[in-house]
Amino acid sequence: MKTQYWLLFCIALLLSAFCSSAQKHADLYRSGVFYKSYSTIDSAIQAANLGGDSIVLSAHTFYEYSLNSKKKIINYTGTIHAGDTTIIDGVGARYSILTTNSRCTVKDIIFQNAGMAINAPGPGFPTDTLKITGNCIFRNLKSDSEYPIVKNGFSSILVQDNVKFYNDTCAGILDAVKIILKDKVEFKNNHFLSYKKIGTSNCKSCNNIFLGANYIYIQNKVKIINNTSDSNYNAAIILMSSSTILEIGDSVIIKGNKTLTPGIGKGSVLSIGSGVPDTAYSSSPNVYKLGKILFEGNESDSGGVIYCNKIRVKIELNGTVFKNNK
């Protein structure tokens, strides 16, 4: 009988330990060493030191938004060791799920159900980089304002390693001075709203992935697929500034993107100088470099795949393929 009680006691302890480990938690690491576990992301952020701390999220769904780590933490890292199972659900809030420092790192987290995912409002420095990596997914985010899904307006955004943006409805997805995309990043089935629909005249470069960037670099198996735009210019890339630098490297697929409003679309993929055209007295031409890219099945009411409103522009095509575009 004593043996049976002892076995039952051991089983109870094991079940208790299992249930404890299965509970939702946000673990705070200080200088790489586990410090303490919290039941919410917000409580872990509030306990974090300014420099060097990171947060690791368990494989659960966290229903939280307006998480403000801007003054609390430099590296915000949610890590999943097996699959994309950690979710931060913004419960339909118009606001950003995470407001953070311009040098933050976000990894392996799914953001959903809010107006904006990440906002690094600044002030930041040009060398500061917001890093989005791992298996991050940004899905079903809906914004009715000029704000994008991810913003680091005064600095840079680096997106790499299987990050995906799916089924988002917004003015644009990324807003930064410098934007770098590489290594299997994907934008698919997103819909971009015109500035008229979101009720502001401050967003005339809406309807595309990038807002306000001066430098855009895309490389290595990036896919921009089946995105649509209400009106304005296009459903992929708009270069408003005459000084914008664009380089798209090899193994990039830009396919099935469409402008939907008749008589408005100017280039289904790339619009260069969609604002006031250059004059004949413009300085040396901008050079836009396009590598081994597949442009396939993109549609626009006017302007074709590439629309150019600048006089002094040079586009270098290096193995670029155009197929079945309208």
Candidate cut points under trypsin sites (Lys or Arg not before Pro) in the stretch 90-151, DSSP loop plus at most 10 other Cβ atoms within 10 Å of their own Cβ, are none
Taking a crude spin-label model, label points 7 Å out from Cα along the C-beta direction, the ASP161 to TYR215 distance in nm is 2.2
Expected vector for the stretch 221-230, Karplus 3J(HN,Hα) from phi with 6.51, -1.76, 1.60 and θ = phi - 60°, integer Hz, x for Gly and Pro, equals 6, 7, 10, 10, 10, 6, 8, 10, 9, 4
Among LYS188/LYS221; LYS184/LYS326; LYS221/LYS289; LYS107/LYS223; LYS107/LYS255, the pairs whose Cα-Cα distance exceeds 24 Å are LYS184/LYS326; LYS107/LYS255
The FRET efficiency for ASP301 and SER66, from their Cβ-Cβ distance with R0 = 45 Å and rounded to 0.05, is 0.70
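Bear in mind that the values in this text are calculations on the coordinates, not laboratory data. Because the structure is predicted, anything quoted here is derived from the model rather than measured. With ideal geometry, Cβ positions are generated from the backbone for all residues, glycine too; neighbour counts draw on all protein chains shown.
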